[in-house]
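Engineer: Here you go, one structure.
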Ligand code: F0G
């Protein structure tokens with residue numbers, strides 16, 4: 001059989017928000033054309049993020065019942081530690097309430113002002129936490145990562161030559177660690193090869209610098225290695241993941257992604273000294289070291305999820321279902337980022353809305369138009385998120401203006417995705433009618449969450 005099916009059946013269902021076109025027009029005006037301001041009742045298909053939005057399994061729900069809420073030394077913690085250690089292999093396992101809390105703790109513990117933290121591409125919260133420590137977050141992906149047309153199978157790789165040159169120049173004292181994000185979310189959900197992590201390990205060893213992973217989507221990355229890297233076809237995703245973690249000194253993970261968690265995070269470390277410092281800070285902000293801001297029941301659900309995600313049938317279906325969307329959009333001539341990543345499909349906003357200048361926010365306008373047309377919510381990663389207003393009033397725009405269709409895990413069926421594809425194809429046919437938008441209120445920090453917009457009158461367009 002060629003058809004790859006969802007390797008699960010549905011036990012609990014949840015209604016989704018049906019609205020009319022008229023209602024959506026009103027709702028958008030009320031939300032000041034910012035999809036982050038919409039109410040969940042009014043969203044039919046929500047592709048805003050794959051973070052914390054997954055469906056838990058019957059085993060995870062059973063784990064929730066087993067959860068032990070003992071303040072210190074809960075049974076849930078020992079089950080969590082064993083499940084994480086089995087994959088990550090590091091001696092120290094420290095739960096946190098989500099990924100950015102893990103980043104904050106690591107940065108507070110070991111990053112000093114003036115240092116540099118190089119990586120393939122840091123996620124925004126990681127970058128923000130590094131910068132909060134007074135250090136510089138430096139992205140050095142391979143050159144192919146910046147070329148939307150390149151079909152490189154591991155476009156998430158870090159540039160080893162630049163890494164070596166940087167460590168040569170800066171020395172170990174100025175680089176607290178190197179961070180590789182698997183998969184590279186900000187670079188389009190692209191995977192990193194085992195060879196690349198091995199190479200980074202060798203470079204870090206030469207200079208005595210620790211190597212860490214941001215492992216939010218480690219299982220998807222392991223499956224990409226199995227499918228694309230020579231010598232891994234017969235290995236299980238779990239053994240590939242174990243080998244990846246064996247190459248590094250520690251990891252931070254948002255367990256809202258590849259642990260099927262609705263909340264949760266973890267830090268794993270080899271060094272007991274660094275772990276002791278992290279735990280000291282953790283007690284101030286997250287809670288006791290055996291629960292780290294989570295309920296015991298959350299720890300049990302995560303312990304089960306982090307193992308369940310490595311099921312090969314699930315990962316085969318996961319990557320195939322993302323690719324399914326990407327291939328159909330591509331075949332219809334819609335400009336998408338290639339090759340397809342693991343958790344999301346990225347549409348090129350400037351290519352789709354080529355009639356709109358950067359000032360009229362093509363990607364954002366597309367995401368608003370897609371909601372208006374079909375009730376689908378997506379997330380712009382482009383001009384609104386990263387555009388910068390200079391002192392002279394002019395704008396600097398990012399290299400890419402993308403709309404991310406992030407696919408929650410085990411939540412939507414193929415017919416939901418067929419609906420998304422059809423909606424985008426219909427919209428593409430009348431793309432020139434998509435009105436541009438402009439800011440009416442733009443907060444200086446993380447503007448996308450709360451900014452307000454208005455449509456640009458058509459005569460201005462002409
Ligand atoms: N690292 C990566 C690679 C991420 O994608 C995220 C979150 C984090 C760290 C932070 O984790 O949200 O648990 O605090 N990404 C989400 C997204 C928000 O939509 O891509 P968190």
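Taken together, the values in this text are just the output of simple stated rules run on the coordinates, not laboratory data. The model shown is predicted, which means the values in this text are computed figures rather than measured ones. Using ideal geometry, Cβ is built from the backbone for each residue, glycine included, and neighbour counts are taken over all protein chains shown.
Engineer: I'd like to compare 63-69, 266-272: which one has the highest average count of other Cβ atoms within 10 Å, and what's the full order after that? Write down the numbers at each step before the final one.
Structural biologist: Values: 63-69: 15.1, 266-272: 21.3.
My ranking of the peptides, most packed first, is 266-272, 63-69.
Engineer: Along the Cα→Cβ direction, 7 angstrom out, place labels at residue 86 and residue 195. What is the inter-label distance in nm?
Structural biologist: According to this spin-label approximation, the distance is 3.2 nm.
Engineer: Could you put 33, 364 in order, starting from the residue whose Cβ has the fewest other Cβ atoms within 10 Å? Write out the running numbers ahead of the final one.
Structural biologist: On the way: 33 25, 364 31.
Fewest-to-most Cβ neighbours within 10 Å comes out as 33, 364.
Engineer: Oh, and also: Defining a contact as two alpha carbons under 8 Å apart and six or more residues distant in sequence, what relative contact order in percent does the chain show?
Structural biologist: Details: 948 pairs, mean separation 101.8, N = 462.
It rounds to 22 percent for the chain.
Engineer: I'd like the orientation of helix 296-308 relative to the chain: the angle between its Cα long axis and the longest Cα principal axis, in ° from 0 to 90, rounded to 10.
Structural biologist: The angle comes out at about 80 degrees.
Engineer: Another question, if that's okay. Take every DSSP beta bridge whose two residues both sit in the chain, then give the antiparallel share in percent to the nearest 5. Numbers along the way, then the final one.
Structural biologist: Working: 27 of 41 bridges.
So the antiparallel bridges in the chain amount to around 65 percent.
Engineer: If we count other beta carbons within 10 Å of each Cβ, what is the order of 314, 324, fewest first?
Structural biologist: Working: 314 21, 324 18.
Ascending number of Cβ neighbours within 10 Å: 324, 314.
Engineer: Okay, moving on. Over all directions, the average projected area of the alpha-carbon convex hull for the range 18-147 comes to how many nm²? Intermediate values should be presented prior to the final figure.
Structural biologist: Values: hull surface 54.3 nm².
Computing the convex hull of the Cα atoms and averaging its projections yields 13.6 nm².
Engineer: How big is the Rg/Rh ratio for the range 297-451, C-alpha atoms only, Rh by Kirkwood, two decimals? Present the calculation step by step, with values, prior to reporting the outcome.
Structural biologist: Numbers: Rg = 17.5 Å, Rh = 17.0 Å.
Rg divided by Rh gives 1.03.
Engineer: Rg to Rh ratio, the range 365-434, alpha-carbon atoms and Kirkwood radius?
Structural biologist: On the way: Rg = 15.0 Å, Rh = 13.8 Å.
Answer for the range 365-434: 1.08.
Engineer: Based on the mean of other Cβ atoms within 10 Å per residue, sort peptides 344-351, 124-131, 165-172, 392-399 so the most packed one is first.
Structural biologist: Highest mean packing first, the order is 344-351, 124-131, 165-172, 392-399.
Engineer: Among 121, 49, which comes first, second and so on when ranked by fewest other beta-carbon atoms within 10 Å? Could the numbers behind the result be given before it?
Structural biologist: Working: 121 24, 49 18.
With the sparsest Cβ surroundings first, the list reads 49, 121.
Engineer: By how many degrees, 0 to 90 and rounded to 10, does the Cα axis of helix 160-170 deviate from the longest principal axis of the chain?
Structural biologist: 60 degrees
Engineer: Have a look at the chain and give its Rg and Dmax from the Cα atoms, expressed in angstrom.
Structural biologist: Both quantities, over Cα of the chain: 22.0, 67 Å.
Engineer: From the convex hull of the Cα coordinates of the range 58-308, what is the mean projected area in square nanometres? Each step should come with its number before you reach the end.
Structural biologist: Numbers: hull surface 50.9 nm².
In nm², the orientation-averaged hull projection of the range 58-308 is 12.7.
Engineer: Along its principal axes, what span do the Cα atoms of the range 68-128 show, with the longest given first and each in whole Å?
Structural biologist: Computed over the range 68-128, the largest-to-smallest principal extents equal 41, 24, 19 Å.
Engineer: Once the Cα atoms of helix 237-246 and of the chain are each reduced to a long axis, what angle between those two axes, in degrees from 0 to 90 to the nearest 10, is obtained?
Structural biologist: That works out to roughly 60 degrees.
Engineer: Would you mind calculating the relative contact order of the range 58-308 from Cα pairs under 8 angstrom and at least 6 residues apart, reporting the percent as a whole number? Mind dumping the intermediate values first?
Structural biologist: Details: 531 pairs, mean separation 80.4, N = 251.
Dividing the mean separation by the residue count of the range 58-308 yields 32 percent.
Engineer: Now for a different question. Hey, how many Å between the Cα centroid of the range 389-410 and the Cα centroid of the range 181-237?
Structural biologist: Distance between centres, Cα-based: 26 Å.
Engineer: Sorted by mean Cβ packing within 10 Å, highest first, what order do the peptides 377-384, 433-440, 328-335, 153-160 take?
Structural biologist: Details: 377-384: 24.8, 433-440: 17.9, 328-335: 16.0, 153-160: 23.1.
For the peptides 377-384, 433-440, 328-335, 153-160, the packing ranking is 377-384, 153-160, 433-440, 328-335.
Engineer: Continuing with this model, one more query. Nearest-5 percent of antiparallel DSSP beta bridges in the range 58-308? Display every interim value, and only then the final one.
Structural biologist: On the way: 12 of 24 bridges.
Percentage antiparallel, nearest 5: 50.
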